[in-house]
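What follows is one structure encoded as structure tokens, with my remarks underneath.
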Amino acid sequence: MIRIKGRFSDAMALRKGQTLKVATETGNQVADIWAFNPDDMSEYMSMEHTRSINSLLHVATGCRLVSTRRRTMLRMTVDSAAMHHDTLLCPCSPELYEEFGEVNHRSCTANLHEALAKRGLSCPCTPASFNLFMNVPVATDGSLTRLPPPCKPGDHVCLEADMNLIVVISACPQDITPINGKDCIPSDLLVEILDTPEAKESTA
Ligand SMILES: [Zn+2]
């Protein structure tokens, strides 16, 4: 079990066939997720391609998460919250917090590059994140609302890897909007890397 403290991040290797299980301990924490091809970091999980492949604005059970080269990186096999996970909003960044008058505020963007650097890796850009547990309903006029996660403590998602990956997970530090719950207090994520039969047992 890997515990990712609220506001912080971690990077991990996932082999083809393994399952990444991500849980929100409090039920009120968004996980910004990125995935990269470890052999070629210029291939990464793309929200644009994912929306196109699934013909869907969000990600739910059964959806594929695909790369900039349209290859399936992950499949969502379990979602105990049965929610619509956001693909639309950008990861939070130092510039976003500066707009709120906060300097030196931790951010998902900095968390991504920090976690990669700890593994001796880098990415010259900040790809759009997959925003697990982020609740952003789209109205019929196209407008977006930022709501707390519709989750209970321990809600989790399983993502099965279709190729070898480096995955980065950020426990989003957002504490100004209610995206991490109405109390606006970032909390911990619990991550497990399971062989797929084991994942099926633990979530049966
Ligand atoms: Zn964030």
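The values are calculated or read from the model by the stated rules, or taken from the named source; none is laboratory data. Source: prediction; values computed, not measured. Here the Cβ is made from the backbone with ideal geometry for all residues, glycine too, and neighbour counts use every protein chain on show. To get the accessible areas, we keep the full protein, side chains included, count just its heavy atoms, and leave off ligands, DNA and RNA. Shrake-Rupley method; radii C 1.70, N 1.55, O 1.52, S 1.80 Å.
Take a quick pass over the chain and tell me how many lysine pairs come in under 17 angstrom between Cα atoms, counting only ones 8 or more apart or on separate chains.
Details: K5/K21; K5/K118; K16/K200; K21/K152; K21/K200; K152/K182.
Count of close lysine pairs: 6.
Rank I176, I185, I166 by mean-square fluctuation in a GNM of the chain with C-alpha springs under 10 angstrom and give only the top-ranked residue.
Of I176, I185, I166, the Gaussian network model singles out I176 as fluctuating most.
³J(HN,Hα) across the stretch 72-78 via Karplus (A = 6.51, B = -1.76, C = 1.60, θ = phi - 60°), whole Hz, x for Gly/Pro?
Result, rounded to whole Hz: 5, 9, 9, 10, 7, 9, 9.
Within 9 Å, Cβ to Cβ, of I4, how many net charges do the neighbouring residues add up to if Lys/Arg are +1 and Asp/Glu are -1?
On the way: positive: R3, K5; negative: D10, D188.
Charge balance near I4 sits at 0.
When a/c reaches 1.5 or more, the comparison of a/b and b/c decides; with that in mind, is the chain rounded, prolate or oblate per its Cα gyration tensor? Spell out each step's value before the answer.
Values: a/c = 1.29, a/b = 1.18, b/c = 1.10.
In terms of gyration-tensor shape, rounded.
Taking H as built 1.01 Å from N, whose amide H comes closer than 5 Å to the amide H of A128, not counting residues under 5 places away?
The list, which skips near neighbours in sequence, is M47.
Excluding A60 itself, what net charge comes from residues whose Cβ is under 14 Å from its Cβ, given Lys and Arg +1 and Asp and Glu -1? Spell out each step's value before the answer.
Values: positive: R51, R64, R75; negative: D79, D86, D155.
Combined, the nearby Lys, Arg, Asp and Glu give 0.
E198: accessible area at probe 1.4 Å, nearest 10 Å²?
Counting only protein heavy atoms, E198 exposes about 90 Å² to solvent.
Picking from C125, C63, C172, which is most flexible by a Gaussian network model of the chain using Cα springs under 10 Å?
Between C125, C63, C172, it is C125 that shows the largest mean-square fluctuation.
Explain nothing, just compute: Karplus ³J(HN,Hα) = 6.51 cos²θ - 1.76 cosθ + 1.60, θ = phi - 60°, for every residue of the stretch 46-54 in order, whole Hz, x for Gly and Pro.
10, 5, 4, 5, 5, 4, 5, 4, 8
If I model a spin label at V103 and R71 as a point 7 Å from the Cα along the Cα→Cβ vector, what separation in nanometres do I get?
Here the answer is 4.4 nm between the modelled labels.
Please say if the stretch 49-97 is rounded, prolate or oblate, where rounded means a/c under 1.5 for a ≥ b ≥ c the square roots of the C-alpha gyration tensor eigenvalues, and otherwise the choice is prolate for a/b larger than b/c and oblate otherwise?
Details: a/c = 2.21, a/b = 1.35, b/c = 1.64.
It is oblate, given that a/c is not under 1.5 and a/b is not larger than b/c.
Please build a GNM for the chain, connecting alpha carbons under 10 Å apart, and tell me which residue among R69, R106, R15 fluctuates the most.
R69
Given the rule -39500 (n - 2.57) for each run of at least 4 DSSP H residues, summed and divided by the residues of the chain, what is its mean residue ellipticity at 222 nm, to the nearest 500 deg cm²/dmol? Spell out each step's value before the answer.
On the way: 4 runs with 32 residues, N = 204.
So the calculated ellipticity at 222 nm is -4000 deg cm²/dmol.
Amide H to amide H under 5 Å from D155: which residues, 5+ apart in sequence or cross-chain, H placed 1.01 Å off N in plane?
Result for D155 returns T24, G27.
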